[in-house]
Amino acid sequence: MRSLIPTAAVAVALLIPSAALAAPTCQTKDGETTRCGIPGAMPVGWTLSTEERQARHVPRPAGPSTTELLELACVLGLFFTLLALLPEFDGWAEQDEMKNRDPNR
């Protein structure tokens, strides 16, 4: 019974999650996240203004371009062509059929 107490204590200590403390992050003048204390890092809590953030935001196109769609069609066509060129396979070999027919295996 006495040997179970240290074992239980170790098990409980390993199962209780510990708090993970992380250092605060800072931003550069460009608004990129970086570690605090390195050259170019702004003070803790500083953020880029909303106007500057919107001015630097580059809008992405609404959908794929015509070239990307053509490339996708070619890749899918090649994939399905390779699938069509595969030999027919139903999962049975002639040896398997003989084993199934022979009652004296």
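The values are calculated or read from the model by the stated rules, or taken from the named source; none is laboratory data. All values derive from a computational prediction rather than experimental measurement. We place every Cβ from the backbone using ideal geometry, glycine too, and count neighbours over all the protein chains shown.
Among the listed residues Pro87, Pro103, Pro64, identify the single one that is closer than 30 Å to Gly31 by Cα and either in a helix (DSSP H, G or I) or at pLDDT below 95 (or both). Step through it out loud before you land on a result.
On the way: Pro87 fails: closer than 30 Å to Gly31 by Cα; Pro103 fails: closer than 30 Å to Gly31 by Cα.
Unique residue meeting the criteria: Pro64.
Hey, among Arg53, Arg2, which residue is among the basic types (Lys, Arg) and either within 26 Å of the chain's Cα centre (by Cα) or assigned to a helix (DSSP H, G or I) (or both)?
Numbers: Arg2 fails: either within 26 Å of the chain's Cα centre (by Cα) or assigned to a helix (DSSP H, G or I) (or both).
Testing whether each residue is among the basic types (Lys, Arg) and either within 26 Å of the chain's Cα centre (by Cα) or assigned to a helix (DSSP H, G or I) (or both) leaves just Arg53.
Can you tell me which condition Ala13 does not meet? The list is (1) small (Gly, Ala, Ser); (2) surrounded by 10 or more Cβ atoms within 10 Å (Cβ to Cβ); (3) in a helix (DSSP H, G or I), and all the others hold.
(2)
Each row is one residue, and each column tells you yes or no for (1) under 26 Å from the mean Cα position of the chain (by Cα); (2) among the aromatic types (Phe, Trp, Tyr); (3) in a loop (DSSP other than H, G, I, E, B).
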site: Thr7; (1), (2), (3): no, no, no
site: Pro43; (1), (2), (3): no, no, yes
site: Val58; (1), (2), (3): yes, no, yes
site: Leu69; (1), (2), (3): yes, no, no
site: Leu82; (1), (2), (3): no, no, no
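Filter the stretch 1-36 for residues that are of a type in the set (Ser, Thr, Tyr) and touching a residue at least 12 places away in the same chain (Cβ under 8 Å) and give the result. It would help to see each step written out before you state the result.
First, pick out the residues of the stretch 1-36 that are of a type in the set (Ser, Thr, Tyr): 3, 7, 18, 25, 28, 33-34.
Hit for the stretch 1-36 is Thr28, nothing else.
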